[in-house]
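Student: Dumping the structure here so I can ask a few things about it.
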Amino acid sequence: MTHPPDTSRERKRAAVGTAVFALAPGAVAGLVPWLLTRWEVQHPVPGGAVAQVAGTLLVGAGASVIANSFVRFATEGVGTPAPFAPPKHLVVSGLYRHVRNPMYVSIAAAVVGQGLLLGQPKLFGYAALAAVPVAAFVRFYEEPALARKFGAEYEEYRKNVPRWLPRLTPWRPDH
């Protein structure tokens, strides 16, 4: 599907809006874990160095996926992930070809990673608890809104790309 060209002004507005909205995942994946743990390492860390390396990898991967997703929303979607400033175009490139919700998955990975890195099991509970309203929001608000806005394009995407567990090979749309 081709889209009319977007203006420079629309792209700038999308970039600024996306940068501002980035505060939300920063709070969920950074501020709340800090408030819960003050980022203190429990000694000894359960699982030792292996758990800490795995945690570091999850935090790093989560942060890079979040950043990549925000850039895609601003550049490809010409909008933000926020419901109040949604994208003009459906974002289906990059990691969105593997999983429909890479931002939510990566935020959870970053929180779990901090739990492993710091030896703070309370962060696992926080991640699980936070997943409940996120899953409800996706299922009952976000997906119906995307279906209304993008119609058949979104339905085709939804049929081919899983919601939470990434597919191993990227989906390649026909268009």
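Student: Please turn the phi angles of the stretch 43-48 into ³J(HN,Hα) values with the Karplus equation 6.51 cos²θ - 1.76 cosθ + 1.60 (θ = phi - 60°), one per residue in order, whole Hz, x for glycine and proline.
Tutor: Once rounded to whole Hz, the list reads 10, x, 6, x, x, x.
Student: State the percentage of accessible surface on the chain attributable to carbon and sulfur atoms; use a 1.4 Å probe and exclude ligands, DNA and RNA. Each step should come with its number before you reach the end.
Tutor: Details: 6920 of 9880 Å².
Looking at the chain in its full context, I get 70 percent from C and S.
Student: Multiply the residue gap between LEU31 and SER64 by 0.36 nm, knock off their C-alpha separation, and tell me the result in nm, one decimal place. Numbers along the way, then the final one.
Tutor: Numbers: separation 33, 0.36 × 33 = 11.88 nm, distance 1.74 nm.
Once the chain is fully extended between LEU31 and SER64, it gains 10.1 nm.
Student: Ranked from highest to lowest mean number of other Cβ atoms within 10 Å per residue, what is the order of the peptides 159-167, 79-87, 96-104?
Tutor: Values: 159-167: 13.1, 79-87: 17.0, 96-104: 21.7.
Going by the mean number of other Cβ atoms within 10 Å, highest first, we get 96-104, 79-87, 159-167.
Student: What residue among ALA14, ALA109, ALA22 has the largest mean-square fluctuation in a Gaussian network model of the chain, using Cα springs under 10 Å?
Tutor: Comparing ALA14, ALA109, ALA22 in a Gaussian network model of the chain, the most mobile one is ALA22.
Student: Rounded to the nearest 20 debye, what is the charge dipole size of the chain about its Cα centre when +1 sits on each Lys and Arg Cβ and -1 on each Asp and Glu Cβ? Before the final figure, lay out each step's value.
Tutor: Values: 18 positive and 10 negative charges, 33 e Å.
About 160 debye.
Student: Hey, with R₀ at 25 Å, roughly what FRET efficiency would GLU155 and ALA85 work out to, going by the Cβ-Cβ distance, to 0.05?
Tutor: E(calc), rounded to 0.05, equals 0.60.
Student: Between VAL132 and ARG13, what's the calculated FRET efficiency when r is the beta-carbon distance and R0 is 35 Å? Round to 0.05.
Tutor: So, using R0 = 35 Å, E works out to roughly 0.60.
Student: Further question: Given points 7 Å out from each Cα along the Cα-Cβ axis, report the TRP164 to THR75 separation in nanometres with one decimal.
Tutor: 3.1
Student: Over the chain, average the accessible area per residue using a 1.4 Å probe and give it in Å², no decimals.
Tutor: Working: 9880 Å² over 175 residues.
Accessible surface, normalised per residue, equals 56 Å².
The values are calculated or read from the model by the stated rules, or taken from the named source; none is laboratory data. Just so it is clear, the structure is predicted and the values come from calculations on it, not from any experiment. Every residue, glycine as well, gets a Cβ built from its backbone with ideal geometry; the counts of neighbours run over all protein chains shown. Accessible surface areas use protein heavy atoms only, side chains included; no ligands, DNA or RNA. Shrake-Rupley method; radii C 1.70, N 1.55, O 1.52, S 1.80 Å.
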